[in-house]
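Notes to accompany the following structure.
The values are calculated or read from the model by the stated rules, or taken from the named source; none is laboratory data. Source: prediction; values computed, not measured. In this analysis, Cβ positions are derived from the backbone assuming ideal geometry, glycine residues included, and neighbour counts consider all displayed protein chains.
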Amino acid sequence: MRFHRVRLWNYRGVDNCEVAFFTEGVTVIEGPNEVGKTSIPEGIDLLFDLMDSSKSRRVRSVKPVGRDEGPEVEVEVSSGRYRFLYRKRWLRRSMTTLKIISPQHEQLSGRAAHERVKEILAETLDSALWKALRVEQGTELVIPKFDVPSLGRALDRAAGGASSTEQHDDLWSLICDERERHWTLTGRPKGKRTAQQQAVEQARMRVSELAQQLDRMEDDVSEMNRLAVEAQQLETTQDRCERRERELSGQWESVQRLNQKVDRLSADHSTALEKQSRLTAEWKSRRDAARTVEERQGQLAALESEARQAAPILAAATERAAAVEAGLDKARTALRIAESEQRRADDDRDHHRRCIEVQQLTERYNRVVEAEKTLEEAENRLAFAKVDEELVVKIEQAHLAVVRAEAAVASVETTAKRELSMRVDGEDVILGEGETQHTTVEDEVVLTIPDVAQLRVRAGTGSKSLAVERRKARDDLRRLCDTAAVADLTEARAAAEQRKEVQRARDEALETIERDLRDLTVDVLRSKAEGLSRRITSYEAERPQDSPLPPDFEAAKRIAADNNRVVGDLQAEFKSLERVAESAADVLDGERINESNLSGRIKIAQDAKTQAVNFLEAARKQRSDDEITTDLATAERHVETTGESLEKAEKNLRAADPESLASRLSNAREAAQRTHEDLQSNRDRGNVLRGRLAVESEKGLHTRRDEEASRLRHLEREHQRSEAKAQAAALLYNIFARCRQKARLHYVVPFKRKIEQFGRIVFNASFTVDIDDDLRVMRRTLDGDTLRVDQLSTGAQEQLGVISRLACAAIVSPDGGGAPVIIDDALGWSDPSRLERMGAAIAAAGGQCQTIILTCTPGRYAHIGKATTIRLPSRA
Amino acid sequence: MVKFVHTADWQLGKAARYLNGEARTRFSAARLDVIDSIAELVVGEGCDFAVVCGDVFESNHIDRQVLVRALEKMRTAPQVAFYLLPGNHDPLDASSVFRSRTFVDNRPDNVTVLDGSTPVQAAPGVELIAAPWFDKSPLTDLVDAACRKLEPASTRVLRILIGHGAVDAIHPEANDPALISLERLESIIGSGVIHYAALGDRHSTTDVGSTGRVWYSGAPEPTAHVETDPGNVLIVDVDWNHVHVDRRRVGTWRFERKAWELSSSVDIAVLGDWLTALEDKDRTIVRLELSGQLSVAWKARLDGLFAHNVDLFAALDVRGESSSLVVIPDDADLNDFGLTGFAQQALSDLSGLAGSGGDRAAVAQDALALLYRFAGGNK
């Protein structure tokens, strides 16, 4: 398509504007903002899209403001083999006119004109290409995809395709439509097919259900047939069973009569037996009574004989018992005498022991009393004797200290050759001849021998301290001696020795007291001694005088021991005699018991005999022995007779085998009953089935099943046809899609080559691009760096967008097809250098397609070498 | 001498599954209408009665509407005595249609069910000896069982046996205990026990054996393609010494089955002519068994032929399209398509697949036909 010129009237702010385009090159339309540049392509769109009667928002938005005029557009166009003049006015006095100039002149108006143009454009214009080749002002800058039919055909030709035609596009469209009739975009069956499938399944289920119902009816019929056969068999069986039951019942009645006869004979026989038994018992009783009389007479005689034999034995036992008892009494008397003598000997011995004890207690008492006196005295002395060993040691040490102190102090020893009177430090001292006077010199001592001499003796250095120590030692000694109440060490030692002696006496007294008192007190000790003394006195006064009191304890002890032995011997003898006496008494008791027992038994035997004799005599008075014997013989014969009859009847009954007969009869009755029940069950079941069949057979199930089967058959056929069509459509689509995609790979090459041809003008010789299957530029490589389009700068993306459109237009336009490239105020992001190069590229493409550039920036496209520039006047 | 109509296998209520709804309705109606034709024959030929030798109904469980309409048809011909024999389709079992409430309540007086072997006097001096089926799988020769206890008829009585089932001489299943022994049957006829055996079960009219007295009447309306001579009833004229059987066509429907090998446009044209020549198309059920190889263009023409005739015939059942009949594009096809570039390649791929055999080939042939249509090849 080529635009020759366009004219706008009353279009937005444009009153009247006409622009003529350069059909085989670049037309640059310059003008300030709002002068109506963008209205040119917009008006062309309105003209092509909307009927003159349209009052759509698009139309109303281009109505001039403040004027009651309708917008109007006219365009002169070449498209394919057509060239026409097309004009349309909206809103006010709307009208459409079409004047086709070639190939044949036509003049149309109104709706016919509109429809004719649509036909022409549908025939000659690739609407997708028309949209793709436009860069509109204010729209988002994107690299378009050029998956448009016209480009595809052109590329096919460029790639060496034989003769690509629009028919292919239509064919592909039909194939796609056919596929979409049967398949969703995701490759699933369309709802109609699914519904068909479901209808088939439902029909199949209905057929199946009806078939099952029919099968059930057939089963019922079969069962009815079986029941009929079974009923016949059961009726036959029932007849047989009933006949058998009647037959066995007759036999059973005969057996019952036999049974009754046996019962009657059995009763007779039992009565006879009972009578026989009673008479036999009576006979036995009589015989037993006679035997009892005889036995008891014999028993009495035997007992009497035994009593006679036992009498002398009892007498002998009595005599021996008496003798043994006498001996025992004698031994008892001797023992008692001996025991008395033994007690007196023991008393005598104890008496003498008590005498000794009194003596010992008295001695102990006296020693205790004496020791207590000694103890008291010692305690008293010790209370005043303060010098002990310890104090003596201390005095000795003090004494030694004095000696040492005095030895250290300077002294003057004055020995009188003769009696001498002198004064020592003013104190007169008289010394006998040879007597020596020691004077200690603590500091200074003045010895004055009257008239002779005065000696002043001075101690050396330290003498004063030594003198002090000596005084202290003397004071210590004196204090200790004062404490011990002694004059000096010698007295102290003597006093200590005396204290030891007193302590020893005290200890001995204590020991004596403890030993003699033991656990007693002095008073108890005295009391015990006094008590024993009283018993001694009392015993001596009370003791029989028939025998003398042994002289001493030893004699008494000896006599007691002798008496003790005598008593022991007598006790042993007495016990021996006691045992003999007990044995004799036992024998005597036994004999006496035997004698008593025999007497009792004899009494009893006599009573029993009497009783038996009385019983026998009384019985014989009632019925004699002969009568009993005769009756018994008669009864025995009767028993024999009835037994034989009974045995014969029982034999007959056994021969009839009543138990087996009862079992057979019972079985026959049960069999008849069971057969009857089976037959009844058979008839009941038959009635159920008959009723069910009567109801079911009225439903016409067979016809319904056939109808449903027929419907199913046709649904299946229809479904199969649909599926075959769907599969064919899918296969056709898939194969075409595959081949088409494969061919597109070839298309890419010329398109890519064309883009790179223009791109190298703008960028440099290293420029290459990658094209995807939708013929969209995906990546650009420049100087070896490959970037995705979205990674490029806005300016570079814009440039690439223009270049790709130019390339597409250049490919599709040479044969007069395609559509113009319309660039509305693009390349605003390009630097001057790029603008210059873009100008060269646009110029290169302009020679191969119509290019219309709208711009409000004069000079932006000044670098396009071969271009027609149209400057729209400003509205002002 | 007695003259009667011998018919059988009405199979009223039979649903022809291969027919669409409209044709199926007509087909069912025709089966009922044949009762009228038979009644007219009985009256027109001066027959004494009509015997229906089994399978009067398609099943014991047919729709009650069919039953009452059939009885109504017979009611409207009161001068015609119909004797109906239960057959294997409608045996006299517990669910028998002949014992159903609907049948019992609606049976007209001129209709008699032959429900036992006790002789039924159908006309003065004419006894009917029936061998009804009591279940679907009898274990004996019912005809022989019905005649076994019969003494030879007197010279004043004609006996007509009414039976149903296959005769052993012309039935391949020799072990079937229910087969009718032809030898015994002819022996019975020879001994004068019966004088004519009217049989049902075989849908093709057939003279059985050598006596001329044993016949299958065939079904009065055809029911399947396998039948060789259906659509008839028999006018039987019989006495002790002579028998004359006359077949009369009463059927109005027809089953046509034909195998065609197609390999050229001529074959298709011949097939078209054959279809055109068939009469009574709306009552004709056609089955075509196709084989051979066709180009896409001729297959399209064949499809067009069928698309035209499928509306003319009661049913047009074409078999073998997907297996025996192969569709392969030839050079003319390729020219007709007028495709180039990738479309030409796609056509080539499809053609290869169509000739490869198997299920995919069938789909490819359909796809070729589709492509042919899209590409305007059949304009």
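Brief remarks follow.
- Test: residue in segment A:503-511 that is farther than 20 Å from residue A:371 by Cα and either in a loop (DSSP other than H, G, I, E, B) or of a type outside the set (D, E, K, R) (or both): no
- Search result, residues across segment B:72-99 that are assigned to a loop (DSSP other than H, G, I, E, B) and either more than 14 Å from every other protein chain (Cβ to nearest Cβ) or closer than 14 Å to residue B:112 by Cβ (or both): B:76, B:77, B:78, B:79, B:80, B:81, B:85, B:86, B:87, B:92
- Scanning segment A:524-553 for residues that are in contact (Cβ under 8 Å) with a residue 60 or more places away in the chain and in a helix (DSSP H, G or I) yields a total of 11.
- Test for residue A:667: is it free of Cβ contacts under 8 Å to residues at least 40 places away in the same chain and either within 60 Å of the chain's Cα centre (by Cα) or more than 14 Å from every other protein chain (Cβ to nearest Cβ) (or both): yes
- In summary, residue B:101 fulfils each of the numbered conditions (1) farther than 22 Å from residue B:80 by Cα; (2) among the charged types (D, E, K, R); (3) in contact (Cβ under 8 Å) with a residue 24 or more places away in the chain with the single exception of condition (3).
- When each of A:662, A:668, A:635, A:694 is tested for being touching a Cys at 6+ places or on another chain (Cβ under 8 Å) and surrounded by 12 or more Cβ atoms within 10 Å (Cβ to Cβ), the lone residue that passes is A:668.
- Entry remark, segment A:149-166: residues being at the interface with chain B (Cβ under 10 Å from one of its Cβ atoms) and modelled with pLDDT of 65 or more number 2 in total.
- Residue match in segment A:80-97 (condition: assigned to a helix (DSSP H, G or I), touching a strand residue (DSSP E or B) at 6+ places or on another chain (Cβ under 9 Å), surrounded by 19 or more Cβ atoms within 10 Å (Cβ to Cβ) and not hydroxyl-bearing (Ser, Thr, Tyr)): no
- Residue in segment A:104-115 that is assigned to a helix (DSSP H, G or I), surrounded by 19 or more Cβ atoms within 10 Å (Cβ to Cβ) and modelled with pLDDT of 90 or more present: yes
- Number of the exception - residue A:656 against (1) farther than 30 Å from residue A:294 by Cα; (2) at pLDDT 90 or above: (2)
- Checking residue A:765 against (1) assigned to a loop (DSSP other than H, G, I, E, B); (2) buried (at least 17 other Cβ atoms within 10 Å of the Cβ), the condition it does not meet: (2)
- Summed over segment B:1-21, the residues that are away from chain A (no Cβ under 14 Å), buried (at least 21 other Cβ atoms within 10 Å of the Cβ) and not aliphatic (A, V, I, L, M) give a count of 5.
- Residue match in segment A:758-776 (condition: modelled with pLDDT of 90 or more and of a type in the set (Ser, Thr, Tyr)): yes
- Output for segment B:107-125, where each listed residue is modelled with pLDDT under 95, farther than 21 Å from residue B:152 by Cα and touching a Lys or Arg at 6+ places or on another chain (Cβ under 6 Å): none
- Taking segment B:270-379 as the region of interest, the helices (runs of 4 or more DSSP H) fully inside it that hold 1 or more residues being over 40 Å from the mean Cα position of the chain (by Cα), away from every other protein chain (no Cβ under 14 Å) and not aliphatic (A, V, I, L, M) are B:331-337.
- Restricting the search to strands (runs of 3 or more DSSP E) fully inside segment A:423-486 and requiring at least 2 residues that are among the β-branched types (Val, Ile, Thr) and crowded, with 17+ Cβ neighbours inside 10 Å gives A:436-441, A:444-449.
- Here residue A:127 fits the description: without any contact (Cβ under 8 Å) to a residue 12 or more places away in the chain and surrounded by fewer than 20 Cβ atoms within 10 Å (Cβ to Cβ).
- Of all residues making up segment A:712-728, the number that are more than 8 Å from every other protein chain (Cβ to nearest Cβ), buried (at least 16 other Cβ atoms within 10 Å of the Cβ) and within 17 Å of residue B:364 (Cβ to Cβ): 2
- Criterion: surrounded by 23 or more Cβ atoms within 10 Å (Cβ to Cβ) and part of a helix (DSSP H, G or I) - qualifying residue of B:31, B:69, B:24: B:31
- Spans of strands (runs of 3 or more DSSP E) in segment B:197-261 with at least 3 residues not β-branched (Val, Ile, Thr): B:232-238, B:243-249
- Residue that is farthest from the other protein chains (Cβ to nearest Cβ), among those in segment B:22-56 that are among the hydrophobic types (A, V, I, L, M, F, W, C) and in contact with a Pro (Cβ under 9 Å, 6 or more places away or on another chain): B:38
- Failed criterion for residue A:858 (all others in (1) under 14 Å from residue A:798 (Cβ atoms); (2) surrounded by fewer than 21 Cβ atoms within 10 Å (Cβ to Cβ) hold): (1)
- Take the conditions (1) facing another protein chain (nearest Cβ under 10 Å); (2) surrounded by fewer than 17 Cβ atoms within 10 Å (Cβ to Cβ); (3) of a type outside the set (A, V, I, L, M, F, W, C); residue A:744 misses just one of them, which is (2).
- Counted residues, segment B:132-167 - those being farther than 23 Å from residue B:99 by Cα and buried (at least 19 other Cβ atoms within 10 Å of the Cβ): 7
- Restricting attention to segment A:216-231 and to residues that are of a type in the set (A, V, I, L, M) and more than 7 Å from chain B (Cβ to nearest Cβ), the residue that is farthest from residue A:701 (Cα to Cα) turns out to be A:231.
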